[in-house]
Amino acid sequence: MAVQRTFSILKPDATERNLTGAINALIEKAGLRIVAQKRIRMTREQAETFYAVHKERPFFGELVDFMISGPVVVQVLEGENAVLKYRDVMGATDPSKAADGTIRKLHAKSIGENSVHGSDAPETAAIEIAQFFSGNEIVG
Ligand code: RTP
Ligand code: MG
């Protein structure tokens, strides 16, 4: 399996509780390398574009409001099988269903305020990375 990249967001509920270091430690312990990282405040337009796939879902408005409610940390993670590996480290969307030791089991507040985002496929990872980083900001 070749080295792969995935896109990650530490969501506002994580920055609000000062959990970015604790979450980064879990990411690094899993063998993923943080090859780009910045703390930003997403605009409404950025959040709506990012989650456009969910725009017909009942939780879309709430999700966008949450994602712009505070700072987020956007990241590029690199490693073997990074997309699926990070999904495993994150745990299930609903923290009550997440496996022990996962980021969401340990830290998520609810199905909506669930601390992290990770790309669901290599193709979406490439699109999401390009939305937030230029090539020279990623140092592998
Ligand atoms: P993500 O995209 O953030 O990595 O999370 P995911 O793949 O595990 O979940 P997805 O189905 O893509 O949903 C995106 C985000 O929408 C919020 N959500 N709220 N209230 C609800 O029922 C509900 N369902 C989803 C979560 O913040 C979820 O991560
Ligand atoms: Mg998703």
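The values are calculated or read from the model by the stated rules, or taken from the named source; none is laboratory data. Predicted model only: the values in this text are computed from it and were never measured. All Cβ positions, glycine included, derive from the backbone under ideal geometry; neighbour counts span all protein chains shown. Calculation scope for accessible area: heavy atoms of the full protein, side chains included, ligands and nucleic acids excluded. Shrake-Rupley method; radii C 1.70, N 1.55, O 1.52, S 1.80 Å.
Would you confirm whether any residue within region 62-76 is part of a strand (DSSP E or B), touching a Gly at 6+ places or on another chain (Cβ under 8 Å) and in contact (Cβ under 8 Å) with a residue 60 or more places away in the chain? Before you say what the answer is, go through the steps one by one.
So in region 62-76, the residues part of a strand (DSSP E or B) come out as 72-76.
From what's left, touching a Gly at 6+ places or on another chain (Cβ under 8 Å): none.
Taking every residue of region 62-76 in turn, none turns out to be part of a strand (DSSP E or B), touching a Gly at 6+ places or on another chain (Cβ under 8 Å) and in contact (Cβ under 8 Å) with a residue 60 or more places away in the chain.
With the requirement that a residue be within 20 Å of E62 (Cα to Cα) and surrounded by fewer than 18 Cβ atoms within 10 Å (Cβ to Cβ), what does region 18-45 give you? Don't jump to the end; show me each part of the working.
Residues of region 18-45 within 20 Å of E62 (Cα to Cα): 40-45.
Within region 18-45, I40, R41, T43, R44, E45 meet the criteria.
Which numbered condition in (1) more than 23 Å from G21 (Cβ to Cβ); (2) modelled with pLDDT of 95 or more; (3) open to solvent by 20 Å² or more (accessible area, probe 1.4 Å) is the only one that V64 fails?
(3)
Go through region 105-140 residue by residue and tally those that are free of Cβ contacts under 8 Å to residues at least 40 places away in the same chain, away from ligand 2 (no atom under 13 Å from the Cβ) and within 13 Å of the chain's Cα centre (by Cα).
Summing the residues that are free of Cβ contacts under 8 Å to residues at least 40 places away in the same chain, away from ligand 2 (no atom under 13 Å from the Cβ) and within 13 Å of the chain's Cα centre (by Cα) in region 105-140 gives 0.
When you scan region 123-138, do you find a residue that is farther than 19 Å from R44 by Cα and either touching a His at 6+ places or on another chain (Cβ under 6 Å) or modelled with pLDDT under 95 (or both), even just one? Walk me through how you get there before you give the answer.
Within region 123-138, the first condition is being farther than 19 Å from R44 by Cα, and the residues that meet it are 123-126, 134-138.
Next, only the ones that are either touching a His at 6+ places or on another chain (Cβ under 6 Å) or modelled with pLDDT under 95 (or both) stay: 135.
Yes: region 123-138 contains one or more residues that are farther than 19 Å from R44 by Cα and either touching a His at 6+ places or on another chain (Cβ under 6 Å) or modelled with pLDDT under 95 (or both).
Looking at region 18-41, can you tell me whether even one residue there is hydroxyl-bearing (S, T, Y) and assigned to a loop (DSSP other than H, G, I, E, B)? First the steps, then the outcome.
Just the residues of region 18-41 that are hydroxyl-bearing (S, T, Y), to begin with: 20.
Pick out the ones that are also assigned to a loop (DSSP other than H, G, I, E, B) and you get none.
No, the conditions are met nowhere in region 18-41.
Can you tell me which residue is farthest from ligand 1 (Cβ to nearest atom) among those in region 93-130 that are of a type in the set (S, T, Y) and either part of a helix (DSSP H, G or I) or open to solvent by 40 Å² or more (accessible area, probe 1.4 Å) (or both)? So that I can check it myself, show each step before the final result.
Residues of region 93-130 of a type in the set (S, T, Y): 93, 96, 102, 110, 115, 119, 124.
Now drop any that are not either part of a helix (DSSP H, G or I) or open to solvent by 40 Å² or more (accessible area, probe 1.4 Å) (or both), which leaves 93, 96, 110, 124.
Working: T93: 3, S96: 12, S110: 8, T124: 9 Å.
Per the criteria, the residue is S96.
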